[in-house]
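I have placed the structure first, in the form of structure tokens, so that the comments after it can refer back to it.
Each reported figure results from applying straightforward, stated rules to the coordinates on display, with no laboratory input. Note that the structure is a prediction, hence the values are computed from the model and not measured. Every residue, glycine as well, gets a Cβ built from its backbone with ideal geometry; the counts of neighbours run over all protein chains shown.
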Amino acid sequence: MEDNTRRLLLTGDDFGRSAAINVAIEQWHRAGALTHAGLMVNEPGVGEAVEIARRNPNLRVGLHLTLCDGRASDGSAMGASPALAGLRFAFFPGARAWLRREIGAQFAKFAQLGLAPTYWDGHTHLHLHPLVLAITIPIAVEHNFRFMRLVREPRDGEGSGGFLPRVFSILSARAAPKLRAAGIGFADAVFGLSKSGRMDLDEVRRAAECARTRLTEIYFHPGAEAVLKDPAQVAPIVA
């Protein structure tokens, strides 16, 4: 991801979760409004998502590491709450062994699907949980992944000073030196948290302006957004 000369990464999350999301991601990419897609490797639409990736070679697909609100590698359903998952990871002795198995299995499946290692992030940003991060970094390096999403949203926007943005900003600040030490890159600014599920054109414009001087990512959920529904409105802003 570091070599993107436009300095703006446009990422669609939840690739593979459903047919509707898959269709939307391909539509947005072909319209010039999406450059990256985060793949949930254990979800029902993963086969179709891989086919879409193969017929759209300029779409850069990463691993959307899923540790809650999805399916585990053994097919079982995970709990829906990221907060409860985070507490379980922190305080239950068996969590570390489960995380090693599950994280390793998802990276291995990504490779088995024939996709080139690019970047990873996390569903509900659980990849920033300190225990998850500590386990993931060596696995990611082993699989030749060299870029990860930090959630570092500029604080001059609506909602950017709220509780969750502050939490993820702290976690990202703590993660950054660990990533650097492992040779893993990350964007300077990331937009999407304070507008999750309700991304709009004003936020896209802010991200595009930020990308003039800094490597910037904007992530959203094609096919599941309440406001941003037409890629034709976005493409001219990010061109």
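Its alpha carbons give segment 39-115 an Rg and a Dmax of 13.8, 44 Å. Among Val227, Val190, Val46, the largest mean-square fluctuation in a Gaussian network model of the chain (Cα springs under 10 Å) belongs to Val227.
Placing +1 on the Cβ of every Lys and Arg and -1 on the Cβ of every Asp and Glu, with no other charges, gives segment 8-238 a dipole of roughly 660 debye about its Cα centre. As a proxy for reagent exposure, His143, His129 were ordered by neighbouring Cβ count within 10 angstrom, fewest first; the result is His143, His129. Once the C-beta distance of Phe163 and Glu209 is scaled by a Förster radius of 41 Å, the resulting FRET efficiency is 0.95 to the nearest 0.05. Relative contact order for the chain: 23 percent, from Cα pairs under 8 Å spaced at least 6 residues apart, divided by residue count.
Distance from the alpha carbon centroid of segment 1-74 to that of segment 78-155 works out to 16 angstrom.
Remark: spin-label model distance Asp202-His143 equals 3.8 nm, labels positioned 7 Å along the Cα→Cβ axis. Among the trypsin sites (Lys or Arg not before Pro) within segment 204-239, those in coil by DSSP and having at most 16 neighbouring Cβ atoms inside 10 Å are Arg212, Arg214, Lys229.
Listed values (1) 25, 21, 17; (2) 31, 20, 20; (3) 34, 20, 17 include one computed from this model; for semi-axes √(5λ) of the Cα gyration tensor in Å that value carries the label (1).
Using the rule -39500 (n - 2.57) for each DSSP H run of four or more residues, divided by the residues of the chain, the 222 nm mean residue ellipticity is -13000 deg cm²/dmol.
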